[in-house]
Every structure is written in structure tokens, then in C-alpha cells.
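The values are calculated or read from the model by the stated rules, or taken from the named source; none is laboratory data. Predicted model, so just to flag it, every value in this text is computed and none were measured. Cβ sites come from the backbone with ideal geometry, for glycine too, and all protein chains shown count toward neighbours.
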């Protein structure tokens, strides 16, 4: 008789149909679902002027989350045209790296003497 360990992702108290034999794969799937939930909330809260039902939003969110590396590659060089959706009106937020560059003065090279 063989003993097999299976990992199941539980979300909102409900076991999902998908089973995994490797814990890392189950955790990666759970993180992908977390990303999809965050994307779905972002889309629903965006105030888009199109009518999308929840199933469509969920399907798009899961697709984007499953293809995260490719989506990231596509969006990599994109600069925002407007302040982020979560920033208060009229407040322009800078990326943390840009703010750090402004705060820290550039180091000056000391001349080397012979």
C-alpha cells in the first residue's frame, strides 16, 4: 500500500477542485489566485465605462495572473499617463526610487593624487 500526500488550496473556507502533489506548486497556485483577486478588485473599482459581468472580470483577472511574467514584460517600459487610481485627486505620487534619488545627494569623486 502506498501513501500519497496531496495538497489542496482552500479559499474562503472552500476546497478548490485542483490537487497538487508538490507543496510549492500549490503555494504558487494560491499566490496566482491572490493576484487574480487583486486584479479583479482593481478592475471593478476602476470605474470603467463598460459593462462587464463578474465572470468576465474574473476570467480576465485569472488569465492576466497566470501570464504575469509576459504581462510584466509587455508593460515594463510603460510610464503612467495619470496619477495612480488610488492617489487622491491632484496628488502626484512618485515611484520610491525617484523620491530616493531626490533626497540623497550624489557622491562626488575625490581626485586622486600621485
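Residue 18: closer than 30 Å to residue 4 by Cβ and either in contact with a helix residue (DSSP H, G or I) (Cβ under 9 Å, 6 or more places away or on another chain) or at pLDDT 90 or above (or both), yes or no?
When the stated conditions are applied, residue 18 passes them.
For the stretch 1-16, what are the residues that are part of a loop (DSSP other than H, G, I, E, B) and either more than 18 Å from residue 33 (Cα to Cα) or touching a residue at least 12 places away in the same chain (Cβ under 8 Å) (or both)?
Result: 1, 2, 3, 4, 5, 6.
Mind checking which residues of the stretch 17-56 are part of a strand (DSSP E or B) and either without any contact (Cβ under 8 Å) to a residue 12 or more places away in the chain or loosely packed, with under 10 Cβ neighbours inside 10 Å (or both)?
Across the stretch 17-56, the qualifying residues are 17, 18.
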